[in-house]
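Just so it is clear, none of the values below were taken in a lab; they were calculated from the coordinates. If you're wondering where the values come from, they're calculated on a predicted model, not measured in any experiment. Positions of Cβ are generated from backbone atoms using ideal geometry, with glycine treated the same way; all protein chains shown enter the neighbour counts.
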Amino acid sequence: MKVIGMAGGVIALAGIAAWLGLAHGCEKPGEHGIIAGRVTIASELASKVRPTDVLFVIVRRPQGMPRPIAVKRIDRPQFPVSFELTNEDVMVEGSELRGMVNVLARLDKDGQAGPPQPGDLEGQFEKNPTLVGSKEVEITIDKAY
């Protein structure tokens, strides 16, 4: 009975580690440190897009600090926009994309990274959280601030 309890504890810890991105081997083979997909804009918000807008594709951990793990900046986006984030897009040197993450896109009016401001537009991947290695991340920008 004690062995079963220990096994359950080990499985639970492994699950938590994978969720937090601490365990390697969670990603698809050959897909380590990559998230890719496409960003579209909802038709009712398309008229709000300006040539000076900047698109940020943001990757965060599902739990914990809202600080991004990685960000891709795309100037003058033409929708739909394809994107790919890799370990070269991480915010903290020595960090890497791994484990479970949330992916969102923000069309920023002033081009400055940071919290959303009035006028900014945003959308999230419907299947958040997802594993790093996903290459079919479809995000529709459908929220206005």
Residue in region 126-145 that is farthest from Ser43 (Cα to Cα), counting only those that are touching an Asp or Glu at 6+ places or on another chain (Cβ under 7 Å) and outside any loop (DSSP other than H, G, I, E, B): Leu131
Enumeration of residues in region 89-134 that are within 14 Å of Val57 (Cα to Cα) and loosely packed, with under 13 Cβ neighbours inside 10 Å: Gly111, Gln112, Gly114, Pro115
Residues (touching a strand residue (DSSP E or B) at 6+ places or on another chain (Cβ under 9 Å) and either loosely packed, with under 12 Cβ neighbours inside 10 Å or of a type in the set (D, E, K, R) (or both)) located in region 64-87: Pro66, Arg67, Lys72, Arg73, Asp75, Arg76, Ser82, Glu84
